[in-house]
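Asks: Below you'll find the structure I mean.
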Amino acid sequence: MSRTHPAYEFRRGQLQMAQAVEQALEEKRHLIVEAGTGTGKTLAYLVPVIRSGKRVIISTGTKNLQEQLFYKDVPFLEQALGANGSSALSVCYMKGRNNYLCRKKLYDLTDQPVLSGLEEIEQYRAIAAWEKTTSTGDRAELAELPEASLLWHKLDARADACSGQKCSEWERCFITEMRRRAMESEIIIVNHHLFFADLAIKLQADGAPDAGILPEAGAVIFDEAHELEDVAGNYFGISVSNLRVEDLARDVEHSMQHNRMLSASLSGALGNLRDRSQLFFSVLPSGDGRFAFDGRREFLEENGDEFVALNQALTRLAGELEALPQKPEEIFNFVRRAQEIQMQLGFALEAEDANTVFWIERRGRLFSPRQGDKKDGPQGRQHVFLQATPIDVGPILRECLWSKLECAVLTSATLAVGGGFDYIRKRLGFEHARDLVLPSHFDYQSQAVMYVPPDLPDPRTPQFAVQAAERIRKLLVITRGRAFVLFTSYAQMNDIYQRLLGEVEFPMLRQGDAPKSALLEEFRLTPNAVLFATSSFWQGVDVQGEQLSCVIIDRLPFAVPSDPVVAARVKAIDAGGGNAFFQYQVPAAVITLKQGFGRLIRSLHDRGLLVLLDNRILKKQYGRVFVDSLPNYKRTTDIRVVEAFFGVERAV
């Protein structure tokens, strides 16, 4: 690489990481590496992966990193290594199934369109024309298709509506083709959601040969591995919702209408299922957002009839479908889906599992049918999710993943807490692995100043918002805007945004007012812009140069203690004789803070200001853990140092 890349620069950390990954692959050992921003970690693991000759899956946390690997890093290495006589690499880039078109659904819709409005008709025409020329079926090729297209949901290739090899379009299916490409590839680039969705399918299928779409691999590299616990928890748990029941009813209805098989008895079974589902989900405990479902036994005692009735409605639908003569291939899939909902519903309400937290999530407004609201329908009703999530995913991962892999490499810029990996090892069950902490390539002492105001009130008090808003205003004057202001809650973001409207002379952007990608693009193109945002902008966002010269964070990012999954994990650690605050809550917040601050310095030429408005980091005993885990920024509690830092910049 040093001979072939015109802008190559030697990075000691990059070489150390490459050597450690090569050793792990050769010796079939697991490895965990924190590689600070600027290490060049993607090339550090790609070179040994290519040299190993093994089939390797690379799993990332974000689509951006997937694209960087496939479109930039791998082609660069092909060119660089090609100069040494290496043959072309066989690489495959895979996304979740809902990113791909299902040809069967498209052709069925051609015969009997179920389109609502001119917009859907135009989208349908564009998709139908594109299907004739695309080789991948990836919706990303359709730039003009809106992100929230309802038509795409009717046409995508998600597993729920897939009848596998029984499908008439199996050979020409984009998922089949993707599976073929993966089988022929040496490097398979996926994201964590696809990896764990695939693993969950394989576990449920108990080793069935056609289960899942990812092939066996000699090793797996998990980049952005700090996200693994949450993603794995989602896929090892279950989720049953009124939306999922409605999706099943709608799919059955459309299929039967298309095949002219919608009898009166089947229509009656569908109507009965919808009624029973609406009644059951309406009697579930009420609450806002996510909340624990502790009284399941009492709920069943009071509402057992509604639960039994929904079960019977699912049984009746499956029976009607199984009794059909000359069944279309998708019928078997509908029966499987009905039985799966029944099984998961039973688990969510009746299972006694010490390592599972049961909870409910409500999304959207609740419309009352009595008001005759025109939105009262599948799209308008509140969506209610009955969830079961593992409290500790470590033992599950240890048994079904780490013990089965020859070599797993976990890497991220934010994995260590206080210089060690105790936290991440425990949470992921990743005990027997070598580890390595590599410092960043950047000179944080000269490139960044971290300012903590010593005089602001505790963020948990009512006085905080008024004084925080005023301090943010002063800081934005010094930095001339060019800032991310990141919050731990939507309520705090909206409150401070409203307080600063008309008080700040720079363009103000707010998360939620436009799609994330559009906001980022506007921020990059708008001089002196200020972006107010929450959790989704704390990671996976890259803005280099002076356009982003300041990152302000409102408070230490502790997870909401009342969140049912967080609360269950805290309770389990404390019950086991541990200290959940220091073993779980503080380390998790440290990693999140490192991610948020990591938005600022993205290259050797970036300079800027980091602000934490929460001075508990200075006053509390646990603050030391945060300070010791952060890079070696220049630190100050004096706003005059901040003024001087930007004064030097302006003089330059």
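Asks: In the range 140-154, how many are under 19 Å from Phe174 (Cα atoms), of a type outside the set (Asp, Glu) and assigned to a helix (DSSP H, G or I)?
Replies: Here the count works out to 5.
Asks: Please tell me if Leu321 is surrounded by fewer than 16 Cβ atoms within 10 Å (Cβ to Cβ), more than 16 Å from Gln278 (Cβ to Cβ) and of a type in the set (A, V, I, L, M).
Replies: On the way: surrounded by fewer than 16 Cβ atoms within 10 Å (Cβ to Cβ): no; more than 16 Å from Gln278 (Cβ to Cβ): yes; of a type in the set (A, V, I, L, M): yes.
For Leu321, the condition - surrounded by fewer than 16 Cβ atoms within 10 Å (Cβ to Cβ), more than 16 Å from Gln278 (Cβ to Cβ) and of a type in the set (A, V, I, L, M) - is not met.
Asks: Spot the failing condition for Val504; the list is (1) in contact (Cβ under 8 Å) with a residue 60 or more places away in the chain; (2) assigned to a loop (DSSP other than H, G, I, E, B); (3) more than 21 Å from the chain's Cα centre (by Cα), and only one is missed.
Replies: Result: Val504 fails condition (1) only.
Asks: (1) under 22 Å from Phe430 (Cα atoms); (2) in a loop (DSSP other than H, G, I, E, B); (3) touching a Phe, Trp or Tyr at 6+ places or on another chain (Cβ under 9 Å): which one isn't true of Arg29, the others all being true?
Replies: Going through the list (1) under 22 Å from Phe430 (Cα atoms); (2) in a loop (DSSP other than H, G, I, E, B); (3) touching a Phe, Trp or Tyr at 6+ places or on another chain (Cβ under 9 Å), Arg29 breaks only (3).
Asks: Which one of these is among the hydrophobic types (A, V, I, L, M, F, W, C) and under 14 Å from Ile58 (Cα atoms): Ala159, Ala225, Ala232, Ala197?
Replies: On the way: Ala159 fails: under 14 Å from Ile58 (Cα atoms); Ala232 fails: under 14 Å from Ile58 (Cα atoms); Ala197 fails: under 14 Å from Ile58 (Cα atoms).
Answer to the check: Ala225.
Asks: Which numbered condition in (1) in contact (Cβ under 8 Å) with a residue 60 or more places away in the chain; (2) among the hydrophobic types (A, V, I, L, M, F, W, C); (3) under 23 Å from Thr389 (Cβ atoms) is the only one that Leu324 fails?
Replies: Of everything listed in (1) in contact (Cβ under 8 Å) with a residue 60 or more places away in the chain; (2) among the hydrophobic types (A, V, I, L, M, F, W, C); (3) under 23 Å from Thr389 (Cβ atoms), Leu324 misses just condition (3).
Asks: Do we have any residue at all in the range 101-119 that's buried (at least 16 other Cβ atoms within 10 Å of the Cβ), within 30 Å of Leu228 (Cβ to Cβ), within 31 Å of the chain's Cα centre (by Cα) and not small (Gly, Ala, Ser)?
Replies: Yes, some residue in the range 101-119 is buried (at least 16 other Cβ atoms within 10 Å of the Cβ), within 30 Å of Leu228 (Cβ to Cβ), within 31 Å of the chain's Cα centre (by Cα) and not small (Gly, Ala, Ser).
Asks: Taking Asn494 and the conditions (1) in a loop (DSSP other than H, G, I, E, B); (2) surrounded by 13 or more Cβ atoms within 10 Å (Cβ to Cβ); (3) without any contact (Cβ under 8 Å) to a residue 24 or more places away in the chain, which numbered condition does it fall short on, given that it satisfies the others?
Replies: (1)
Asks: Tell me yes or no: at least one residue of the range 61-77 is hydrophobic (A, V, I, L, M, F, W, C), over 24 Å from the mean Cα position of the chain (by Cα) and at pLDDT below 95. First the steps, then the outcome.
Replies: We begin by selecting, within the range 61-77, every residue hydrophobic (A, V, I, L, M, F, W, C); these are 65, 69-70, 74, 76-77.
Of the ones still in play, those that are also over 24 Å from the mean Cα position of the chain (by Cα) are 76-77.
From what is left, the residues that are at pLDDT below 95 are 76-77.
Checked against the condition, which is being hydrophobic (A, V, I, L, M, F, W, C), over 24 Å from the mean Cα position of the chain (by Cα) and at pLDDT below 95, the range 61-77 yields at least one hit.
Asks: So which residues in the range 382-400 are outside any strand (DSSP E or B) and either on the phi > 0 side of the Ramachandran plot or surrounded by fewer than 22 Cβ atoms within 10 Å (Cβ to Cβ) (or both), if there are any at all? Steps first, please.
Replies: Pass one, the range 382-400, residues outside any strand (DSSP E or B): 382, 391-400.
Matches in the range 382-400: Gln382, Ile391, Asp392, Gly394, Pro395, Ile396, Arg398, Glu399, Cys400.
Asks: I would also like to ask the following. Just to be sure I understand, how many residues within the range 616-637 are within 12 Å of Met450 (Cβ to Cβ) and either out of contact with any Phe, Trp or Tyr (no Cβ under 6 Å at 6 or more places or on another chain) or among the small types (Gly, Ala, Ser) (or both)?
Replies: 7
Asks: In this structure, is Gln68 in a helix (DSSP H, G or I), without any contact (Cβ under 8 Å) to a residue 60 or more places away in the chain, in contact with a strand residue (DSSP E or B) (Cβ under 9 Å, 6 or more places away or on another chain) and not acidic (Asp, Glu)? Spell out the reasoning first.
Replies: Working: in a helix (DSSP H, G or I): yes; without any contact (Cβ under 8 Å) to a residue 60 or more places away in the chain: yes; in contact with a strand residue (DSSP E or B) (Cβ under 9 Å, 6 or more places away or on another chain): yes; not acidic (Asp, Glu): yes.
Yes.
Asks: Still on this structure: In the range 252-269, is there at least one residue being touching a residue at least 60 places away in the same chain (Cβ under 8 Å) and among the hydroxyl-bearing types (Ser, Thr, Tyr)? Lay out the reasoning, then the answer.
Replies: If we filter the range 252-269 for residues that are touching a residue at least 60 places away in the same chain (Cβ under 8 Å), which is where we start, we get 252, 254-255, 257-259, 261.
Those still in the list that are among the hydroxyl-bearing types (Ser, Thr, Tyr) too: 255.
Yes, there is a match, as at least one residue in the range 252-269 is touching a residue at least 60 places away in the same chain (Cβ under 8 Å) and among the hydroxyl-bearing types (Ser, Thr, Tyr).
Asks: Going residue by residue through the range 294-311, is there one that turns out to be part of a loop (DSSP other than H, G, I, E, B) and either in the same structural domain as Ala269 (by TED's automatic domain parsing) or touching a Phe, Trp or Tyr at 6+ places or on another chain (Cβ under 6 Å) (or both)? Full working, then the answer.
Replies: Quick first cut of the range 294-311, residues part of a loop (DSSP other than H, G, I, E, B) only: 294-295.
Subsequent filtering for residues that are either in the same structural domain as Ala269 (by TED's automatic domain parsing) or touching a Phe, Trp or Tyr at 6+ places or on another chain (Cβ under 6 Å) (or both) retains 294-295.
Yes: the range 294-311 contains one or more residues that are part of a loop (DSSP other than H, G, I, E, B) and either in the same structural domain as Ala269 (by TED's automatic domain parsing) or touching a Phe, Trp or Tyr at 6+ places or on another chain (Cβ under 6 Å) (or both).
Asks: Just checking, which of Tyr93, Tyr8 is free of Cβ contacts under 8 Å to residues at least 60 places away in the same chain and among the hydroxyl-bearing types (Ser, Thr, Tyr)?
Replies: Details: Tyr93 fails: free of Cβ contacts under 8 Å to residues at least 60 places away in the same chain.
So the residue among Tyr93, Tyr8 that is free of Cβ contacts under 8 Å to residues at least 60 places away in the same chain and among the hydroxyl-bearing types (Ser, Thr, Tyr) is Tyr8.
The values are calculated or read from the model by the stated rules, or taken from the named source; none is laboratory data. None of these values were measured; they are calculated from a predicted model. Positions of Cβ are backbone-derived with ideal geometry, glycine not excepted, and every protein chain shown enters the neighbour counts.
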